[in-house]
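As structure tokens, the structure follows; a few thoughts come after it.
The values are calculated or read from the model by the stated rules, or taken from the named source; none is laboratory data. Owing to the predicted nature of the structure, the values given are computational and were not obtained by experimental measurement. Heads up, the Cβs are rebuilt from the backbone with ideal geometry, glycines too, and the neighbour counts pull from every protein chain shown. Just the protein is used for accessible areas: all its heavy atoms, side chains included, with ligands, DNA and RNA removed. Shrake-Rupley method; radii C 1.70, N 1.55, O 1.52, S 1.80 Å.
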Amino acid sequence: MSKKKSGEGTLLASVLLSAPGPLVVGLGLLVGRSATQLADFIRRSAELVAIVVSWIVFRKIRKEGTMDIVRKRKLERWSNIAVGTAMVLSGGAMLMVALLLTSTEKGNVIPGLVIAVLGVITNTWFFFRYRSMDRKTPNRIFQVQSRLYLAKSLVDGCVVIALGVIVIMPNARFTGYVDVVGSAVVALYLIANGLLTIRGKNLETVGSSGSS
């Protein structure tokens, strides 16, 4: 029971730490017009919804205890679909933003950069946390969350690079290209991982292949 409570606590911590991200990045859009920053806002919002769904499903499974295995698998499947769908939708939105938003004036992207740096640190920690929990107590929800947080940490790394270039060299000719390419790379990565998550493929790459 203590391990299950620990898992629920980690999921709740994921929700609480992810919640401010969309708000801060969204407020940053009031003073900045970077395609990467707008795409990052869309991504964080979709991921927050997926993490909340995973927390609710895990909590329901833990509370019911002796749940029928078929119903349990069905709930876990819906949780995985929510995560995968969020990744695909946010990736698609980011790709559209990268291709359609052509403004060369980026404004202040510092809020988005700060959130992205914190995201790299926090999401990397959650990735190792979920992977460790899945190895100790194999669970499909932990497995998919470890995949999501690996993607989140890599994506935040790309965002840091793109927004960092804008901050350091805002007037450079190639800055706009870095912004668009950064968004496109992030988008394609999210779409690919989202589809794999929905299909339940290759989850063993970030965690064990068993289930609780």
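Any chance the range 146-162 includes a residue that's of a type outside the set (Val, Ile, Thr), in contact with a Cys (Cβ under 9 Å, 6 or more places away or on another chain), under 16 Å from Phe41 (Cα atoms) and surrounded by 24 or more Cβ atoms within 10 Å (Cβ to Cβ)? Talk me through it step by step, then tell me what you get.
Residues of the range 146-162 of a type outside the set (Val, Ile, Thr): 146-154, 156-158, 162.
Still in the running and in contact with a Cys (Cβ under 9 Å, 6 or more places away or on another chain): none.
Checked the range 146-162: no residue is of a type outside the set (Val, Ile, Thr), in contact with a Cys (Cβ under 9 Å, 6 or more places away or on another chain), under 16 Å from Phe41 (Cα atoms) and surrounded by 24 or more Cβ atoms within 10 Å (Cβ to Cβ).
A quick yes/no check of all residues on (1) assigned to a helix (DSSP H, G or I); (2) within 19 Å of Ile51 (Cα to Cα); (3) at pLDDT 80 or above:
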site: Trp78; (1), (2), (3): yes, yes, yes
site: Ala98; (1), (2), (3): yes, no, no
site: Thr102; (1), (2), (3): no, no, no
site: Pro111; (1), (2), (3): yes, no, no
site: Thr124; (1), (2), (3): yes, yes, yes
site: Phe128; (1), (2), (3): yes, yes, yes
site: Ser146; (1), (2), (3): yes, yes, yes
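On the basis of being surrounded by 15 or more Cβ atoms within 10 Å (Cβ to Cβ), closer than 18 Å to Val167 by Cα and at pLDDT 80 or above, does Val117 make the cut? Reasoning before the result, please.
Details: surrounded by 15 or more Cβ atoms within 10 Å (Cβ to Cβ): yes; closer than 18 Å to Val167 by Cα: yes; at pLDDT 80 or above: yes.
Here the answer is yes, as Val117 does meet what is asked.
Kindly indicate the residue of the range 22-46 that is open to solvent by less than 50 Å² (accessible area, probe 1.4 Å) and assigned to a loop (DSSP other than H, G, I, E, B) and also modelled with the highest pLDDT among those meeting that condition.
My answer is Leu29.
The conditions are (1) open to solvent by 20 Å² or more (accessible area, probe 1.4 Å); (2) of a type outside the set (A, V, I, L, M); (3) modelled with pLDDT under 85, and Thr85 fails exactly one of them. Which is it?
It is condition (3) that Thr85 fails.
So the check is Cβ under 7 Å with 6+ separation or different chains; which pairs have a first residue in the range 47-58 that's crowded, with 22+ Cβ neighbours inside 10 Å and a second one that's assigned to a helix (DSSP H, G or I) and basic (Lys, Arg)?
Listed pairs, sorted by first residue: Glu47/Lys152.
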